[in-house]
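> Sending over a structure as structure tokens; questions will come in a sec.
Just so it is clear, none of the values below were taken in a lab; they were calculated from the coordinates. Only a predicted model underlies this, so the values are computations on that prediction, with no experimental measurement involved. Reconstructed Cβ throughout: ideal geometry from the backbone, glycine too, with neighbour counts over all protein chains shown.
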Amino acid sequence: MSFRHSFDVEKLVEYDNHHKVVFLNDSNIGLKGFIGIHRKNKKFPSFGATRLWPYSSQLEAIKDVLRLSKLMSYKAAMAGLPYGGAKAVISGSVPKSSALLKAYAERVNLLEGLFITGSDIGLTQADVKTMSRTSPFMVGSKIDPTEFTGLGLFYGLEAALREVFGEKDVTETNFAIAGLGKVGSEFLKLIYSDNSNQKIFVSDIDKDKVKSIEKRFPKVIAISPSKIHEQRVDVYSPCAMSGILNNKTIKELRCQIVLGGANNQLANDKAGELLYRSGILYAPDYVVNAGGLISVVSEYENKINKKLIINRVKMIKKTLGDIFVKSSKMRKSTDFIADSMARAKVDAY
């Protein structure tokens with residue numbers, strides 16, 4: 001990651017009057033990145049996982065942390081959680097090591113509990129356990145948030161299928177899943193059926209992941225990542241990186257529903273409206289993928305009760321249904337409705 005360029009954070013389009021933006025730099029270890037805290041609720045810390053990714057520049061990294069931390073505020077609000085939103089990004093330009101994780105955990109400690117974090121892309125549950133030895137502000141070592149993220153997608157899927165088809169069994173629904181990481185593979189596990197006419201197209205930039213998935217789920221059809229969104233299916237599920245839904249890709253979609261685990265799926269402010277005008281039902285990402293956040297909040301609150309967590313995650317179905325109803329009545333895109341609802345909750349902090 002290049003750190004040669006300087007800029008005014010407050011002038012970036014992604015800046016939304018963030019509570020705090022912290023620069024991470026330890027040249028001895030190779031730690032470079034940012035912690036962004038979007039909103040701070042008065043009595044509660046801000047939650048957001050840590051992403052390890054090979055950013056091409058400092059500017060790319062800080063834009064990502066600003067976008068993702070804002071999304072986390074919206075995600076918490078729509079999940080009915082009283083916590084603020086935050087995020088951290090670390091450059092993956094140096095190999096992940098215990099020294100790097102320890103140095104990062106020490107920086108988290110300097111925020112004295114303002115920021116609670118866990119694992120996102122590039123980090124694992126084992127990494128969280130390693131960082132927990134240094135910092136008490138880590139979550140996701142006692143519970144696997146991926147399981148509940150996948151479950152939230154499944155409940156959201158039920159709401160979306162009902163909205164579009166009235167009644168349609170998941171095992172008779174065709175899918176295209178882009179990204180076979182932790183969330184994508186968990187969602188696949190929940191919707192896969194050996195005993196039906198269901199078609200599931202999958203893709204990932206990691207060919208080894210694809211081969212592994214083909215062994216576990218022999219009915220899947222592997223597709224090039226550049227073509228996965230073009231498949232004629234009922235549901236297109238983006239479960240990889242941000243910004244996949246843009247003017248070009250939306251015009252190439254051949255689905256009726258977009259519902260996936262990736263954060264910030266819409267590349268720009270007009271993408272949601274374009275989906276709406278195209279007659280494609282979009283399930284706002286931060287609403288349907290909130291299951292992982294719900295689970296780690298339960299861990300933080302020392303309420304690791306699986307039944308309780310599942311009941312909380314199940315509320316995603318109702319929330320999404322409410323968004324669909326308002327979208328239909330107001331003739332506005334689902335992302336506009338969700339953003340309006342979330343913003344009202346966040347501004348009330």
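> How large is log10 I(q)/I(0) at q = 0.12, 0.13, 0.16 Å⁻¹ when the Debye formula is applied to the Cα atoms of the range 146-347, each weighted equally and without solvent?
The Cα Debye sum returns log10 ratios of -0.57, -0.67, -1.03.
> When we measure straight from the Cα of residue 270, which aspartates and glutamates land under 14 angstrom away, once same-chain ones fewer than 8 places off are left out?
Straight-distance partners of residue 270: 335, 339.
> Same structure, new question: Roughly how tilted is helix 145-165, in degrees to the nearest 10 and between 0 and 90, from the longest Cα axis of the chain?
For helix 145-165, the angle is close to 30 degrees.
> OK, next. Among 321-328, 13-20, how do they line up from the highest to the lowest mean number of other beta-carbon atoms within 10 Å?
Ranking, from highest mean packing down: 321-328, 13-20.
> Please grab the % of Cα pairs in the range 170-273 that end up more than 24 Å from each other.
16 percent
> Apply the Kirkwood formula to the range 239-327: the hydrodynamic radius equals the inverse of the mean of 1/r over all pairs of different alpha-carbon atoms; give it in Å with one decimal.
Result for the range 239-327 stands at 14.4 Å.
> Where does helix 334-347 land angle-wise versus the long Cα axis of the chain, in degrees 0 to 90, nearest 10?
Taking the Cα atoms of the chain, the angle to 334-347 is about 30 degrees.
> How large is the translational diffusion coefficient of the range 117-188 in µm² per second when you combine the Kirkwood radius over alpha carbon pairs with Stokes-Einstein at 20 °C and 1.002 mPa s?
Using the Kirkwood radius from Cα pairs, D works out to 152 µm²/s.
> When the Karplus curve 6.51 cos²θ - 1.76 cosθ + 1.60 is applied with θ = phi - 60°, which whole-Hz ³J(HN,Hα) does each residue of the range 28-45 get, with x for Gly and Pro?
With the stated coefficients, the range 28-45 comes to 5, 9, x, 7, 9, x, 8, 10, x, 10, 6, 9, 10, 5, 4, 10, 10, x Hz.
> Treating the Cα atoms of the range 86-234 as identical point scatterers in vacuum, please give the log10 of the normalised Debye intensity I(q)/I(0) at q = 0.09, 0.10, 0.11 Å⁻¹, two decimals.
Result of the Debye calculation: -0.39, -0.47, -0.56.
> Please report the relative contact order for the range 146-347, taking Cα pairs under 8 Å with a sequence separation of at least 6, and give it as a percent rounded to a whole number.
24 percent
> What are the ³J(HN,Hα) values, in whole Hz, obtained from phi via the Karplus relation 6.51 cos²θ - 1.76 cosθ + 1.60 with θ = phi - 60°, for each residue of the range 126-143 in sequence order, with x given for Gly and Pro?
5, 5, 4, 4, 4, 5, 5, 5, 9, 10, x, 9, 9, 10, x, 8, 9, 9
> Would you mind calculating the relative contact order of the chain from Cα pairs under 8 angstrom and at least 6 residues apart, reporting the percent as a whole number?
16 percent
> Expressed as an acute angle from 0 to 90° and rounded to the nearest 10, what is the orientation of the C-alpha long axis of helix 58-78 relative to the principal long axis of the chain?
60 degrees
> Something else: Identify the GluC sites (Glu not before Pro) of the range 160-212 meeting these criteria: DSSP loop state and at most 14 other C-beta atoms within 10 Å of the C-beta.
Those satisfying the criteria are 167.
> Ranked by Cβ crowding within 10 angstrom, fewest neighbours first, how are 334, 117, 173 ordered?
Placing the least packed residue first, the sequence is 173, 334, 117.
> If packing is taken as the average number of other Cβ atoms within 10 Å across a peptide's residues, how do 88-94, 176-182 rank, most packed first?
Result, highest mean first: 176-182, 88-94.
> If you don't mind, another one. Output the pairs from 142/211; 102/306; 314/345; 189/227; 20/227; 20/129 with a Cα-Cα distance over 28 Å in this structure; if there are none, say none.
Over 28 Å apart, Cα to Cα: 142/211; 102/306; 20/227.
> Under a plain spin-label model, where a point goes 7 Å from the Cα along Cα-to-Cβ, how far apart in nm are residue 13 and residue 267?
1.2 nm
> Once you wrap a convex hull around the alpha carbon atoms of the chain, what is its projected area averaged over all directions, in nm²?
16.9 nm²
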